[in-house]
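Working notes, beginning with the structure itself.
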Amino acid sequence: MIKASASSVIHTTVSADGDDRPDRELFRRLAGGDADALAGIYDRHGAALFRHAFALARNASDAKDLVQATFVRLATVGAPLLGARRPSNYVHRMLRSAWVDALRRRTVAREEPVEANVAGASGGGLAAAIDVRRALLALPEEQREAVVLHLFDGWSFREIGAMTDVSTSTAASRYRLGIERLRRIIGTR
């Protein structure tokens, strides 16, 4: 279902037109039982959800699992979809909820979280892109999430706060701290 690779996370962009009508229509159709609407939602949000999941999970395999879990949940929600004020935020919140659930399951099972080996990461792109990817993976998860959602996907701090259940100022602070840490890691000012 997911065709993105970990090395392409940095290079992909999504243009957000701000028009929720297509998403609202897809949500309406999905709530009414139209399975084809799920594919439309995936087409519109799959890449951004993968980037968000990768920022949280730190590796492509777990990110793919999170996106898959999100779409499974989305397919089974039903009527509550009709009450979503901003469908794009709704799917990102579902993804984050799936991530929190996965962390809880790991904690209960006493498993260690699977994380990418930052020092051993390899890729076939430019050295700078590899350095940025490694630096992103080295950030604390809250900062990494805020940086990816704001910088790569263009979400406002208010939207990031709503997605992650924190205040707008906390989302902005996480972003600012993440950018400062990235600069120190990469060695730029």
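The values are calculated or read from the model by the stated rules, or taken from the named source; none is laboratory data. The structure presented is a predicted model; accordingly, all values stated were derived computationally and were not measured. When we count neighbours, we look across all protein chains shown, and the Cβ atoms used for this are built from the backbone with ideal geometry, even at glycine.
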From the options Arg73, Arg44, residue that is of a type in the set (D, E, K, R) and at pLDDT 90 or above: Arg44
Counting only residues in the stretch 57-93 that are farther than 23 Å from Ala146 by Cβ and of a type in the set (A, V, I, L, M, F, W, C), the one surrounded by the most Cβ atoms within 10 Å (Cβ to Cβ) is identified as Phe71
Can you tell me which residue among Asp34, Asp43 is assigned to a helix (DSSP H, G or I), surrounded by fewer than 19 Cβ atoms within 10 Å (Cβ to Cβ) and outside the structural domain of Ala138 (by TED's automatic domain parsing)? Asp43
I'd like the residue in the stretch 136-160 that is among the small types (Gly, Ala, Ser) and under 21 Å from Ala63 (Cα atoms) and, out of all such residues, is surrounded by the fewest Cβ atoms within 10 Å (Cβ to Cβ). Gly154
Does Arg51 fit the bill of being of a type in the set (Lys, Arg) and either crowded, with 18+ Cβ neighbours inside 10 Å or touching a residue at least 40 places away in the same chain (Cβ under 8 Å) (or both)? yes
